[in-house]
């Protein structure tokens, strides 16, 4: 199937999203392997990482921030609460709202696994200069914003 503009044959290697997907897939596998000895999954790590940075969010906010379906996130939250890594709190001023908060055990887990996670993350940009890292991050943020606009978020 030729490209309408160039007449060149279709190639998946010409799509940035192909590389983003393969990078994410490989990163997910490496993180799962690195986190296994600590008894947590990548999804647990992602929730803990967000909460340690900014604690006390409802499921809707976390779902949007983490790009995880609400029902899947609810199951993850249930398991994490069972393990004592997070807890649910109901604010006095809004009894209908339930906030997910990191516990001390959750904070200790973040501190414990962070060096392993950092090694994986740093390996993905090994050999990139500081300027290249900033450029890459800027371009990825623009792509993310484009995707969010397309999906109406």
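GNM, the chain, Cα, under 10 Å: largest mean-square fluctuation among 132, 87, 112?
Looking only at 132, 87, 112, the largest GNM fluctuation is found for 132.
Where the centre of each part is set by its Cα atoms, how far does region 25-61 sit from region 106-153, in angstrom?
Taking the Cα centre of each part, region 25-61 and region 106-153 sit 13 Å apart.
Treating the angle as unsigned and between 0 and 90°, give the value, to the nearest 10°, between the Cα long axis of helix 104-124 and the longest Cα principal axis of the chain.
It is inclined by approximately 10 degrees.
Percent of Cα-Cα pairs per 10 Å bin, from 0 to the last occupied bin, for the chain, please list those.
Final binned percentages: 9, 29, 33, 19, 7, 3, 0.
Treating the angle as unsigned and between 0 and 90°, give the value, to the nearest 10°, between the Cα long axis of helix 70-82 and the longest Cα principal axis of the chain.
Once rounded, the angle reads 40 degrees.
Using the count of nearby Cβ atoms within 10 Å as a rough guide to exposure, how do 76, 23, 68 rank from fewest to most?
On the way: 76 20, 23 11, 68 17.
In order of increasing Cβ crowding within 10 Å: 23, 68, 76.
Which value in Å does the Kirkwood hydrodynamic radius of region 75-153 take, with 1/r averaged over all unlike C-alpha pairs and then inverted? Working shown, then result.
Working: mean 1/r = 0.0616 Å⁻¹.
After inverting the mean inverse Cα-Cα distance, the result is 16.2 Å.
Remind me, what semi-axes does region 34-118 give for its equivalent ellipsoid, largest first in whole Å, using sqrt of 5 times each Cα gyration tensor eigenvalue?
On the way: eigenvalues 94, 36, 25 Å².
They are 22, 13, 11 Å, listed from largest to smallest.
Note the full-extension length gain between residue 129 and residue 65 as 0.36 nm times their separation in residues minus their Cα-Cα distance, in nm to one decimal. Walk me through the numbers before you get to the answer.
On the way: separation 64, 0.36 × 64 = 23.04 nm, distance 2.78 nm.
Contour length minus the Cα-Cα distance gives 20.3 nm.
Quick one: 141, 65, fewest Cβ neighbours within 10 Å first, how do they rank?
On the way: 141 10, 65 14.
Final ranking by Cβ density, sparse to dense: 141, 65.
Just so you know, all these numbers are worked out from the coordinates, no wet-lab data involved. All values derive from a computational prediction rather than experimental measurement. As a convention, Cβ positions derive from the backbone with ideal geometry for all residues, glycine included, and neighbour counts pool all protein chains shown.
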